[in-house]
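We did not get these values from a lab; they are worked out from the coordinates using the rules stated. Predicted model, so just to flag it, every value in this text is computed and none were measured. Ideal geometry is used to build each Cβ from the backbone, glycine not excepted, and the neighbour counts take in all protein chains shown.
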Amino acid sequence: MDEAGRGPLAGPVVAAAAVLPRNLALGAIRLDDSKKMSEAEREEAYEALMAHPEVYIGVSIVDHATIDRINILQATMQAMDDAVAALKTPTPLDAALVDGNRVPPRCADGSLGTRHAAAIVKGDAKCAAIAAASVVAKVTRDRIMVAAAKEYPVFGFEGHKGYPTAAHVAALVKHGPCAIHRLTFAPIKNMI
């Protein structure tokens, strides 16, 4: 599993879990850390993964209000656990592998049916299933932020996806936060 959206000032954190067949063949499509792929490559990989009959995907979205209420770390852990819970695999999972340095609590304690759980630093570059989860989480979140850009056009979410770019911060200073901004994140918390 992997997540997208820990650092932005707006929008949700999205986690995905992926189970792949041993010898997954996606033709010319490569899987990698989603940050190392172009948007077009991520979109193509996402579509191939979602259409593959032997690939199982679980996705969880934790909104900005929950992030503000429980903090980004807890929201990320909740999203990852919920993504694993959303998997509909024909057999129980033997292991849960997560990108990063922490295992989400319900994966760690076995309550989601996983017999083993491990955190792998830079796992999205080392494990195809984590890379697939990385792609699914990133594309899902990016699509949410592109849709949000239509509702809140002054912020330019379609370009920066809510990350704290100079243009985004300038729009925040000029317009104040909108309904999907994370109010506990600086510099927003200092504006209100």
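Applying the criteria of a DSSP loop state and at most 14 other Cβ atoms within 10 Å to the GluC sites (Glu not before Pro) of the range 1-110 yields E54.
When only alpha carbons are used to place a centre, the range 101-148 and the range 22-64 end up 12 Å from one another.
Under the convention that each Lys and Arg Cβ holds +1 and each Asp and Glu Cβ holds -1, the size of the dipole of the chain around its Cα centre is about 420 debye. Each pair of Cα atoms in the chain enters the Kirkwood radius, and Stokes-Einstein at 4 °C and 1.567 mPa s then converts it into a translational diffusion coefficient of 76 µm²/s. For the range 81-89, putting each phi into the Karplus relation 6.51 cos²θ - 1.76 cosθ + 1.60 with θ = phi - 60° gives couplings of 4, 5, 5, 5, 4, 7, 5, 10, 8 Hz, in residue order, rounded to whole numbers and with x for Gly and Pro. In deg cm²/dmol, rounded to 500, what helix-only [θ] at 222 nm does the chain give when every DSSP H run of at least 4 residues adds -39500 (n - 2.57) and the total is split over its residues? So the calculated ellipticity at 222 nm is -12500 deg cm²/dmol. Couplings 3J(HN,Hα) for the range 143-154, derived from phi with the Karplus relation 6.51 cos²θ - 1.76 cosθ + 1.60 (θ = phi - 60°), are 5, 4, 6, 5, 5, 5, 4, 6, 7, 10, x, 5 Hz, where x marks Gly and Pro. Among T91, T165, T76, the largest mean-square fluctuation in a Gaussian network model of the chain (Cα springs under 10 Å) belongs to T91. Trypsin sites (Lys or Arg not before Pro) within the range 94-175: which are DSSP loop residues with at most 16 other Cβ atoms inside 10 Å? Listed in order of number, the matching sites are R102, R115, K122, K126. Of the residues A137, A108, A170, the one that moves most in a GNM of the chain with alpha-carbon contacts below 10 Å is A170.
For the residues D142, D124, D94, a GNM of the chain with alpha-carbon springs under 10 Å puts the largest fluctuation on D94.
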